[in-house]
Structures are given as structure tokens and as C-alpha cells.
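Quick notes on the structure that follows.
The values are calculated or read from the model by the stated rules, or taken from the named source; none is laboratory data. In this text, all values refer to a predicted model and were calculated from it rather than measured experimentally. Note: ideal-geometry Cβ built from the backbone for every residue, glycine included; neighbour counts use all protein chains shown. To get the accessible areas, we keep the full protein, side chains included, count just its heavy atoms, and leave off ligands, DNA and RNA. Shrake-Rupley method; radii C 1.70, N 1.55, O 1.52, S 1.80 Å.
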Amino acid sequence: MELVSPYIIAAGIGWITAQLSKYVVASFKLGRPASYRQLYLSGHMPSAHSATTVALLTVVAALDGVQSGLFAVAFLFTCVVLYDAMMVRRSSGEQGVAILALLVAQKSKVKLPRVAMGHTPLEVAVGSLLGLIVGILVVYIHSL
């Protein structure tokens, strides 16, 4: 009997790997160590949403097959998450930037909120590739 499900392991490693990658990318862009907040903030390269769901989807495909009901659920879940990251959350983030600009231009006394950006298609694609790699590695290790 397994102590922890390979499905949970893949999703967890996908998320952790993506968040650590965000820190490395941010540090590289800054030319110095980034804020540790990068380890848990949403948005930026690569998409942790994509890495997490695609890693899970990959394990489901390998262990249960693409004809299984579980694969169908995981596939639809992944599609919704990827769409939401690129379209809905990205759009609301752009609206947040516009609202911030208006608040600043109006010299408003309202405390400026943090704007959570969604993801660009490239960030989602890189996160998905990362998730695929993580999923394949988890399946490989699970089969040993």
C-alpha cells in the first residue's frame, strides 16, 4: 500500500517546481535575489496552475488510461484552469492595472490594492510543459 498517492505527489511537485522556478526567473530578471514572496504569489513565469493540473492529468493518463472517466474529469478540470489563467484572470489583472492607474491619476486616498495578474499564453505553455515533465517523472518513479 502506498503512503501517498502518485496523483497528489505529481500535483504537489508540479506546484512546488513552478513556484521555485518563478523565484529563479524573478531573481534572474532583477539581477539579485528576488523577494521570497515569489514563492507563493500567483502570476508570472511559469504558470503554477498549469504545472499542477497538467502533472495531475499526465499521471491520470498513464495510470488510468485516456479512456477512463477519471481522465475525462482531469482533462476538463485542466482545460478550465488553463483557460481561466489565460483569459479570465489575465483580463481581471489588466483591469486591476487600469484601476490602479486611475486611482493614482486621481490622487485618491484609497489604499492601492495588489493586482493579481493572470498568465500569458507563453507562461501557461511553459507551466504545462513543466507539468508534463513532472508527471512523466512521477509515473516513472512510481513504476520502479
13 Å reach of a label modelled at Lys29, 7 Å along Cα-to-Cβ, counting backbone N of segment 85-120:
117-120
Against the longest alpha carbon principal axis of the chain, how many degrees, from 0 to 90 and to the nearest 10, is the axis of helix 89-105 turned?
10 degrees
Post the alpha-carbon centroid distance, segment 107-138 to segment 53-71, in whole angstrom.
23 Å
With the radius of gyration and the Kirkwood radius both derived from the Cα set of segment 40-144, what is their ratio Rg to Rh?
1.17
Given a 1.4 Å probe, the accessible area of the chain per residue, as a whole number of Å², is 62 Å²
Taking K and R as +1 and D and E as -1, what net charge do the other residues with C-beta under 15 Å from the C-beta of Arg90 add up to?
-2
Would you mind telling me the share, in percent, of accessible area of the chain contributed by carbon and sulfur at probe 1.4 angstrom?
73 percent
Looking only at Cα atoms, what is the convex hull volume of segment 76-134 per residue, in Å³?
84 Å³
Given charges of +1 on the Cβ of Lys and Arg and -1 on the Cβ of Asp and Glu, with all other atoms neutral, how large is the dipole of the chain about its Cα centre, in debye to the nearest 20?
940 debye
Longest principal axis of the chain (C-alpha) makes with the long axis of helix 6-30 (C-alpha) an angle, in degrees to the nearest 10, of 40 degrees
